[in-house]
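Asks: Submitted below is the structure of interest, expressed as structure tokens.
The values are calculated or read from the model by the stated rules, or taken from the named source; none is laboratory data. Everything numeric in this text was worked out from a predicted model, so none of it was measured. All Cβ positions, glycine included, derive from the backbone under ideal geometry; neighbour counts span all protein chains shown.
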There are 2 protein chains.
Amino acid sequence: MGTIGRPRSQVAHAAILKAALRLVTKSGFRAVSVNDIAAEAGVGKMTLYRHWPNKAAVVMDALLALIGEETAFPEAASALESLQQQLHRQVRFFRSARGNLVRSLVAEAQTDRALAKAFRERWLEPRRQGVRRTLECAIAEGSLRNDFDLDTAIDQLYGSLYYRLLLGSGVMDERFVEATLQQFVSGHGAKPKTRK
Amino acid sequence: MGTIGRPRSQVAHAAILKAALRLVTKSGFRAVSVNDIAAEAGVGKMTLYRHWPNKAAVVMDALLALIGEETAFPEAASALESLQQQLHRQVRFFRSARGNLVRSLVAEAQTDRALAKAFRERWLEPRRQGVRRTLECAIAEGSLRNDFDLDTAIDQLYGSLYYRLLLGSGVMDERFVEATLQQFVSGHGAKPKTRK
DNA sequence: GATTGTACGATACTTGCGGTATCGTAAGGA
DNA sequence: TCCTTACGATACCGCAAGTATCGTACAATC
């Protein structure tokens, strides 16, 4: 199974990802050319195209490979509190320069089916899994009802965040998160005092 | 006062809008070139650029000029029913080929500040006004509380729709509308039986 | 340690599109 | 009739995505 020929440079691979992340985060997807990324990485353009099929694929990988726990669910006293803290993290992430990355990829995905698929499967779905688990915990803890569709609920929770990211006038503050969460809980929360 | 020189051709203007709507609706924004639009309209490319600054502006105008009452609020017995019917209309509109138009413009707006402004002011805001009026009616009718922020509520209502339009696996059915509306009402609805 | 096969960086090239410039012609108000 | 501007057509420019090619640098195999 010994590989023949010169092996691919992991150094070049990593340098390209890092360069793409830096440039696109700073200037946006359209403003950065493939030449720019290759030059910033100190790499030939052909090396980039040997590792990825196109620019969007590079940026997608850069988002996934070099983003840490910015959108993870922290430990908390209750599932609802964990959800609350994650929502704040997500909003902070969107509001940061990294938000450009997500916006760029969503935009590009509108005309690139492969990218759209990758974005759903590799970015959205893992995060939705996290939300799903947390909601199930909240249900088990008795703080949410158990008669609603999880995926629809997730769309309602995060849809408004993405809406403001992509279309909003820019106001993605903590108050918005609290209002959204409160609205969510008042709709899906268990009502212990009410019978039937 | 009297215009001098040859007047602009309203025929060419309308033909360009119609061609842009047709082509972009069918094939998507990126797949259609300015040459395509001009050719389809039977017009020189320069005429197009004399009437609009760029491709995105043409498509934006096409969306506004040639779309009718597809997303209007119908008369109904109550404000909430009118809202419900409009949500169904909106979903049907998004699901139709016209959805491509909106998706294209949102995508383009991510890197075109002028278009983003135009999209917000000319497409989103008028529709939000309609929602706002309807929600105020519903409050006046006593079927919604009056202690919530209208704009946040609208984001929560329509955010999930745009989320599915832009990122969803395509499932934008009637059940989704009903679930979203129900969630909205359970959060913002007046609770006549409950005191304090 | 020579051979072999592939990746490497560099660079020239192709293609296609957005947008501009130019040209002779058409249209209408003055 | 004259004057000014828009018209359709077409050539052109600039730029970026993606391809092709070249001599070189590796590392496994012989």
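Asks: From the list A:ASP61, A:ASP36, exactly one residue is closer than 14 Å to A:LEU105 by Cα, surrounded by fewer than 21 Cβ atoms within 10 Å (Cβ to Cβ) and not assigned by TED's automatic domain parsing to the domain that holds A:LEU105. Which is it?
Replies: Numbers: A:ASP36 fails: closer than 14 Å to A:LEU105 by Cα.
None of the others qualify; the one that does is A:ASP61.
Asks: Hey, could you check the range A:10-65 for residues that are farther than 27 Å from B:ASP112 by Cα and touching a residue at least 40 places away in the same chain (Cβ under 8 Å) and say which is farthest from DNA strand D (Cβ to nearest atom)?
Replies: Residue satisfying both the conditions and the ranking: A:ALA65.
Asks: If B:LEU135 passes every condition in (1) within 8 Å of chain A (Cβ to nearest Cβ); (2) surrounded by 20 or more Cβ atoms within 10 Å (Cβ to Cβ) but one, which one does it miss?
Replies: So B:LEU135 meets the others, but not (1).
Asks: While we're on this one: Right, B:ALA107: crowded, with 20+ Cβ neighbours inside 10 Å, closer than 16 Å to B:LEU63 by Cβ and at the interface with another protein chain (Cβ under 10 Å from one of its Cβ atoms) or not? Even if it seems obvious, please write down each step before you answer.
Replies: On the way: crowded, with 20+ Cβ neighbours inside 10 Å: yes; closer than 16 Å to B:LEU63 by Cβ: yes; at the interface with another protein chain (Cβ under 10 Å from one of its Cβ atoms): yes.
When the stated conditions are applied, B:ALA107 passes them.
Asks: Only one of (1) within 21 Å of the chain's Cα centre (by Cα); (2) surrounded by 15 or more Cβ atoms within 10 Å (Cβ to Cβ); (3) more than 18 Å from B:PHE73 (Cβ to Cβ) fails for B:ASP173. Which number is that?
Replies: Single failed check for B:ASP173: (2).
Asks: Please determine whether any residue of the range B:110-125 is β-branched (Val, Ile, Thr), more than 20 Å from B:GLU178 (Cβ to Cβ), surrounded by 14 or more Cβ atoms within 10 Å (Cβ to Cβ) and touching a Gly at 6+ places or on another chain (Cβ under 7 Å).
Replies: Taking the range B:110-125 as the starting set, the residues that turn out to be β-branched (Val, Ile, Thr) are B:111.
Right, trim to more than 20 Å from B:GLU178 (Cβ to Cβ) and you get B:111.
Subset that is surrounded by 14 or more Cβ atoms within 10 Å (Cβ to Cβ): B:111.
Retained after the next criterion (residues that are touching a Gly at 6+ places or on another chain (Cβ under 7 Å)): B:111.
Looking through the range B:110-125, at least one residue is β-branched (Val, Ile, Thr), more than 20 Å from B:GLU178 (Cβ to Cβ), surrounded by 14 or more Cβ atoms within 10 Å (Cβ to Cβ) and touching a Gly at 6+ places or on another chain (Cβ under 7 Å).
Asks: Further, regarding this structure: If you scan the range A:113-132, which residues turn out to be facing chain B (nearest Cβ under 9 Å) and under 19 Å from A:PRO53 (Cα atoms)? Write out each step before concluding.
Replies: Step one: filter the range A:113-132 for residues facing chain B (nearest Cβ under 9 Å), giving A:116, A:119-120, A:124.
Scanning the range A:113-132 gives A:ALA116, A:PHE119, A:ARG120.
Asks: Kindly list the number of the only condition in (1) free of Cβ contacts under 8 Å to residues at least 40 places away in the same chain; (2) outside the structural domain of B:ALA116 (by TED's automatic domain parsing) that fails for B:ARG89.
Replies: Status for B:ARG89: all satisfied but (2).
Asks: Being at the interface with another protein chain (Cβ under 9 Å from one of its Cβ atoms), in a helix (DSSP H, G or I) and free of Cβ contacts under 8 Å to residues at least 12 places away in the same chain is the filter here, so list the residues in the range A:138-167 that pass it.
Replies: Answer for the range A:138-167, where residues must be at the interface with another protein chain (Cβ under 9 Å from one of its Cβ atoms), in a helix (DSSP H, G or I) and free of Cβ contacts under 8 Å to residues at least 12 places away in the same chain: A:THR152, A:ASP155, A:GLY159, A:TYR163, A:LEU167.
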